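Data block below; observations after.
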Amino acid sequence: LAVLALAGPAFRQLPQELKRAESALIVALDLSDRMRATDIKPDRLSRARYKVADLLRQRQEGQTALLAYAGDAFVVAPLTDDAQSLSDLLAALTPETLPVRGQRVDRAIARARNLLRDAGFTHGDLLLVTDHVLPRDAQAAQKAAAEGLRVSVLGVGTEAGAPVSL
């Protein structure tokens with residue numbers, strides 16, 4: 001007991017490493033006129049917004065960015081830790097907010113690659129929310145994958161389709 005008493009209790013604070021998920025997710029929302037089709041109710045764009053909002057609500061870690069595209073791709077919000085704040089921006093997106101009509105998935109992929117690189121990430125994920133992809137889009141996705149950007153597609157709509165109201 002005397003040895004223990006002389007040694008005395010010692011408390012030291014050791015530095016602890018903080019663990020933080022360094023994952024990057026870029027969500028690219030299609031705002032082409034095709035997203036106005038009503039084959040799912042109320043329409044494709046509204047349903048896509050609901051799905052992306054659910055995803056943003058459930059995202060706990062990592063950085064998230066939001067792109068909008070039609071004939072060209074535009075950064076709505078760069079990579080941020082606050083995925084919840086993107087929901088407000090998501091609600092304001094309509095096809096009228098973009099200056100170029102069309103449906104250029106390849107340009108959305110290219111913009112996402114630049115966004116990922118500019119943020120200093122070597123790897124990340126891109127979620128395309130769209131109703132349609134073309135062969136050139138698959139080639140752009142393969143090129144992005146070779147550079148560390150994994151591309152996934154969340155399809156919106158039905159196989160039968162519907163007329164697009166303009």
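The values are calculated or read from the model by the stated rules, or taken from the named source; none is laboratory data. All of these numbers come straight from a predicted model, not from anything done at the bench. Backbone-built Cβ (ideal geometry, glycine too); neighbour counts: all protein chains shown. When the accessible area is computed, the model is the full protein with side chains, heavy atoms only, and any ligands, DNA or RNA have been set aside. Shrake-Rupley method; radii C 1.70, N 1.55, O 1.52, S 1.80 Å.
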* Structure fact -> Flagged in the range 107-135 as in contact with an Asp or Glu (Cβ under 7 Å, 6 or more places away or on another chain) and more than 26 Å from D43 (Cβ to Cβ), in numbering order, are R113
* Could you pull out the residue among A21, A10 that is in contact with an Asp or Glu (Cβ under 7 Å, 6 or more places away or on another chain), at pLDDT below 90 and in a loop (DSSP other than H, G, I, E, B)? => A21
* Residues being open to solvent by 100 Å² or more (accessible area, probe 1.4 Å) and under 17 Å from the mean Cα position of the chain (by Cα) - total across the range 148-166 -> 1
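Quick grid of which residues meet (1) acidic (D, E); (2) modelled with pLDDT under 90; (3) in contact with a Lys or Arg (Cβ under 8 Å, 6 or more places away or on another chain):
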| site | (1), (2), (3) |
| --- | --- |
| P42 | no, no, no |
| D54 | yes, no, no |
| V75 | no, no, yes |
| L79 | no, no, no |
| S87 | no, yes, yes |
* **Residue that is farthest from T64 (Cα to Cα), among those in the range 119-147 that are open to solvent by 60 Å² or more (accessible area, probe 1.4 Å) and in contact (Cβ under 8 Å) with a residue 40 or more places away in the chain** => H132
* Structure fact -> When the range 56-66 is checked residue by residue, the ones that are open to solvent by 60 Å² or more (accessible area, probe 1.4 Å) and either at pLDDT 95 or above or assigned to a loop (DSSP other than H, G, I, E, B) (or both) are Q60, E61
* To do: Please determine, by comparing only the residues of the range 37-54 that are charged (D, E, K, R) and within 22 Å of the chain's Cα centre (by Cα), which one is most open to solvent (accessible area, probe 1.4 Å).
  => K51
* To do: Give the residues of the range 23-42 that are polar (S, T, N, Q) and over 17 Å from T94 (Cα atoms), sorted by residue number.
  => S23
* **Lone unmet requirement of (1) under 18 Å from L55 (Cβ atoms); (2) touching a Phe, Trp or Tyr at 6+ places or on another chain (Cβ under 7 Å) for A91** => (2)
